[in-house]
There are 2 protein chains.
Amino acid sequence: MSDAPTAHPFDAALQLEPTAAPGAYRAHTSPAYNNMVGPFGGMTAATLVGAVQSHPDVLGDPLSLTVNYAGAIAEGELDIAVTPARTNRTNQHWNLEISQNGEITTTATAVFGLRRETWTDTEVTPPEAPEPTTIDRAGFPEFIAWARNYDLRFVAGGLSERQSPHPDSISTMWIRDEPVRPLDFTSLTAMCDAFYPRAFLRRGTYLPAGTVTFTVYFHATSDELAAHGDDYLLATARAQRFGKGYFDQTGELWSHDGTLLATTHQLVYFKADNA
Amino acid sequence: MSDAPTAHPFDAALQLEPTAAPGAYRAHTSPAYNNMVGPFGGMTAATLVGAVQSHPDVLGDPLSLTVNYAGAIAEGELDIAVTPARTNRTNQHWNLEISQNGEITTTATAVFGLRRETWTDTEVTPPEAPEPTTIDRAGFPEFIAWARNYDLRFVAGGLSERQSPHPDSISTMWIRDEPVRPLDFTSLTAMCDAFYPRAFLRRGTYLPAGTVTFTVYFHATSDELAAHGDDYLLATARAQRFGKGYFDQTGELWSHDGTLLATTHQLVYFKADNA
């Protein structure tokens with residue numbers, strides 16, 4: 001028996017082993033963050049952010065991330081390649097790749113950089129929302145393991161509304177890690193992908209859907225993340241167009257005190273009868 | 001003297017020479033599409049889309065594109081590397097890179113694919129706009145060469161409003177190629193980057209700004225592009241947060257008849273005094 005503190009499941013899932021090759025890491029999928037098929041895409045994206053952060057040459061904090069989900073990831077080991085493509089005076093461009101058994105499953109690029117004082121303004125406003133403690137915590141179906149690691153409280157567009165077609169695709173929810181964990185760039189990345197597919201809400205049913213490409217613009221500074229701590233974030237997302245086989249989704253993640261921490265966009269593959 | 005038809009300046013700028021190496025092309029910057037410093041980023045992005053389209057293994061049409069502007073591009077030759085990272089049954093993931101004199105200037109990823117019939121719906125609505133022919137064509141400063149290749153008619157947030165601070169960052173404009181050219185995926189890509197930096201509008205002045213990363217989600221099918229022809233598109237964009245040194249921008253491009261052809265997002269570097 002050990003008295004060593006147990007790592008938070010999110011930190012356990014983020015764990016990387018460096019290998020002999022520079023910028024090459026080995027990670028392992030975590031059953032706690034499984035999705036219906038393979039790992040939760042937000043966890044995959046967070047792992048890539050963590051891999052860049054652990055690189056000895058990293059410059060500054062994440063500014064943007066784009067992850068392309070090229071193929072299914074099976075449970076097991078992941079090979080992560082992290083390559084600085086170009087380092088400038090104040091920013092740095094990264095090429096990222098995940099493979100399993102020599103086949104590429106995920107491609108990604110990231111921009112990291114230093115921030116400096118400028119004029120600042122947030123032009124959009126957070127959605128109206130009652131305090132999280134006044135809203136019941138949402139249950140997710142048992143087969144979506146990753147959602148059990150989040151305390152989700154829906155203000156609009158919750159899963160319970162997903163039983164008949166819905167006129168819009170807007171979901172707004174409070175979210176924080178369960179158990180609580182201080183927010184950082186990796187967990188903020190994962191939370192940007194914590195919206196269930198907008199097509200479920202519009203069609204009022206589960207249907208085949210999966211993220212094809214996912215982008216995060218990090219507005220939060222390290223100081224803003226520290227000020228947020230382990231409080232709830234207010235997250236909102238909506239689709240813009242459901243086209244032939246694909247729809248897009250755009251979202252915002254706000255701190256409890258109304259700071260826009262990240263904006264996020266994705267293109268999602270879906271199947272739904274033309275009815 | 002020759003009677004051969006002259007290529008449209010956009011097609012001339014897109015021109016690629018294949019090289020001996022598979023997936024390696026040579027392009028050349030076009031003075032007609034210069035920006036203040038280096039080429040117009042939309043032209044660079046369009047060139048990458050064209051390079052994938054010219055690859056013998058390409059599958060289907062563009063679904064998404066992310067371009068990271070890692071370093072300045074000088075006038076002259078561009079080396080473009082186009083690599084299929086993974087080909088699935090209905091989609092294909094590409095890694096793209098531009099270099100000059102052996103140094104990476106641009107990294108990018110793209111997803112191409114086949115579309116199929118599904119339920120479709122456009123949830124957002126186009127901005128209100130009078131007919132383009134009722135609005136004067138906007139002039140751009142002489143030093144922005146690329147803008148002379150577009151017929152731009154501002155409905156809101158035009159350059160003339162950029163003389164004192166503006167309460168919001170919304171620009172809405174009609175846009176088409178000048179001279180006219182039938183819309184295709186390359187020109188749609190370029191037009192997604194045709195908004196001048198939102199910080200100019202908010203601050204009411206020119207200031208240093210440049211796109212760091214740029215994403216397009218292509219909603220248009222080939223049939224919708226053909227139906228649009230060389231008509232005006234209605235383009236609208238706004239910023240969400242101006243943070244320390246960076247702001248984001250989100251936009252929509254609509255056909256004249258109200259079809260959402262693309263959504264687009266970018267993160268932009270800027271300098272502006274904290275006043």
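The values are calculated or read from the model by the stated rules, or taken from the named source; none is laboratory data. Remember, predicted model here, so these are calculated numbers, not experimental data. Here Cβ is always computed from backbone atoms with ideal geometry, including for glycine, and neighbour counts include all displayed protein chains.
Filter region A:154-195 for residues that are at pLDDT below 95, surrounded by 18 or more Cβ atoms within 10 Å (Cβ to Cβ) and not small (Gly, Ala, Ser) and give the result. Selection gives A:Leu159, A:Arg162, A:His166.
Check region B:60-72 and report whether any residue there is in contact (Cβ under 8 Å) with a residue 12 or more places away in the chain, within 14 Å of chain A (Cβ to nearest Cβ) and over 18 Å from the mean Cα position of the chain (by Cα). Taking every residue of region B:60-72 in turn, at least one turns out to be in contact (Cβ under 8 Å) with a residue 12 or more places away in the chain, within 14 Å of chain A (Cβ to nearest Cβ) and over 18 Å from the mean Cα position of the chain (by Cα). Checked against (1) surrounded by 15 or more Cβ atoms within 10 Å (Cβ to Cβ); (2) within 11 Å of chain A (Cβ to nearest Cβ), B:Ala129 passes all but condition (2). When the strands (runs of 3 or more DSSP E) confined to region B:139-247 are screened for residues that are free of Cβ contacts under 8 Å to residues at least 24 places away in the same chain and within 13 Å of chain A (Cβ to nearest Cβ), those reaching at least 1 such residues are found at B:233-242.
Set side by side, the residues A:Val82, A:Val49, A:Val67, A:Val37 differ, and just one is more than 26 Å from A:Arg148 (Cα to Cα) and either part of a helix (DSSP H, G or I) or not assigned by TED's automatic domain parsing to the domain that holds A:Asp248 (or both), which is A:Val82. Reported count of residues in region A:248-275, each being facing another protein chain (nearest Cβ under 10 Å), of a type outside the set (A, V, I, L, M, F, W, C) and within 15 Å of A:Ala129 (Cβ to Cβ), is 2.
Results for (1) farther than 28 Å from B:Arg137 by Cα; (2) crowded, with 24+ Cβ neighbours inside 10 Å, shown as yes or no for each residue.
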{"position": "B:Gly229", "(1), (2)": "no, no"}
{"position": "B:Thr236", "(1), (2)": "no, no"}
{"position": "B:Lys244", "(1), (2)": "yes, no"}
{"position": "B:Thr250", "(1), (2)": "no, no"}
{"position": "B:Ser255", "(1), (2)": "no, no"}
{"position": "B:Thr259", "(1), (2)": "no, no"}
{"position": "B:Gln266", "(1), (2)": "no, yes"}
{"position": "B:Lys271", "(1), (2)": "yes, no"}
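Screening B:Ala110 against (1) within 14 Å of another protein chain (Cβ to nearest Cβ); (2) under 26 Å from B:Arg203 (Cβ atoms) leaves a single unmet condition, (2). Just need a number here: residues in region B:3-46 that are in contact (Cβ under 8 Å) with a residue 40 or more places away in the chain, of a type in the set (D, E, K, R) and over 22 Å from B:Leu253 (Cα atoms). So the answer is 1. The number of residues in region B:85-107 that are at the interface with chain A (Cβ under 10 Å from one of its Cβ atoms) and part of a loop (DSSP other than H, G, I, E, B) comes to 2.
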